[in-house]
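The structure appears below as structure tokens.
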Amino acid sequence: MGEIEDAIERADREAFTKDPPKTLKGQIGYLLKQMGSAKAVAAELGVTADSVNRYRRGARKHPRADVAAKIDDAVKARWQPLVRKRRQKQAAASGGVTVETRARFGYTSSAGSTDDGRFRRLTVHLPAAYAQRLFEARDSGASDQQMRGIIAEGFKEVYFQDSGGRAMGLSDVEINDIDYLDLDY
């Protein structure tokens, strides 16, 4: 996963109204209910169906670290899909998305271009149209670079141009290096 996709995933997890199962038996039970069979769960995790059944029964209590991480990720990816969709729909319709980042920005304007040599720490609330574009891009399998472009466009309009109040000669903004990026909606 890319940085933007990870940030969306973290923001989705913050919306959970109930914590996902934490025990191995609880997680495996949830995955079995969601996916329908031990064979399907095993294919997702990269283990045998017998291993999945042993986890479910409690006969095996400590999976390898990589398998435990896959189990945790699979549960969190499927947990409360309606809560996630409702929150994303609200952000895309009216709420927008707040982006907090520390990154190096480059831009092109009528005076030339620059690759500003310092990091900027910005917290910018982007309108709902950008949230909608970001979610649609992620759902259609867009690359991290394409999603960065959507966020950069939003920064250009909202932060650099102050929604039409300044820097009208600015034609392009790029996020060159990202130290961290976090989303909230």
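Out of 131, 152, 142, any idea which swings most in a Gaussian network model of the chain, alpha carbons joined below 10 Å?
In the Gaussian network model the winner is 142.
Of the heavy-atom accessible surface of the chain (probe 1.4 angstrom), what whole percent is carbon and sulfur?
Its accessible area is 46 percent carbon and sulfur atoms.
State which entries of 39/76; 76/156; 18/70; 61/85 exceed 29 angstrom in Cα-Cα distance in the structure shown.
76/156; 61/85
Compute the normalised compactness of the chain: alpha-carbon radius of gyration over 2.2 N^0.38 Å, N being the residue count.
Relative to the 2.2 N^0.38 Å estimate, the chain comes out at 1.29.
Between residue 90 and residue 171, what FRET efficiency follows from the Cβ-Cβ distance if R0 is 22 Å, with the result rounded to 0.05?
Between residue 90 and residue 171 the formula returns 0.10.
Which value, in Å² and to the nearest 10, is the accessible area of residue 23 when all protein chains are kept and the probe is 1.4 Å?
Around 90 Å² of this residue is reachable by solvent.
What accessible area per residue comes out for the chain, rounded to a whole number of Å², with a 1.4 Å probe?
Per residue, the chain has an accessible area of 55 Å².
When only the heavy atoms of the protein chains count and the probe is 1.4 Å, how do 123, 108, 101 rank by accessible area, highest first?
Correct descending sequence by accessible area is 123, 108, 101.
Could you give the dipole magnitude of the chain about its Cα centre, charging the beta-carbon of Lys and Arg +1 and that of Asp and Glu -1, in debye to the nearest 20?
Roughly 1420 debye for the chain.
Once you keep just the Cα pairs under 8 angstrom separated by 6 or more residues, what percentage relative contact order results for the chain?
Reported as a whole number, the value is 26 percent.
Could I have the simple spin-label model distance between residue 153 and residue 69, label points 7 Å from Cα toward Cβ, reported in nm to one decimal?
According to this spin-label approximation, the distance is 3.4 nm.
Which residue, chosen from 107, 127, 58, occupies the Cα position most advanced towards the positive end of the dipole of the chain, where the dipole is computed from +1 (Lys, Arg) and -1 (Asp, Glu) charges on Cβ about the Cα centre?
Looking along the dipole axis, the top candidate is 58.
Using only Cα atoms and rounding to the nearest 10 degrees, what angle (0 to 90) does helix 144-155 make with the longest principal axis of the chain?
40
The values are calculated or read from the model by the stated rules, or taken from the named source; none is laboratory data. Just so you know, these numbers come straight off a predicted model, no measurement behind them. Ideal geometry is used to build each Cβ from the backbone, glycine not excepted, and the neighbour counts take in all protein chains shown. Ligands, DNA and RNA are excluded from the accessible area calculation, which covers all protein heavy atoms including side chains. Shrake-Rupley method; radii C 1.70, N 1.55, O 1.52, S 1.80 Å.
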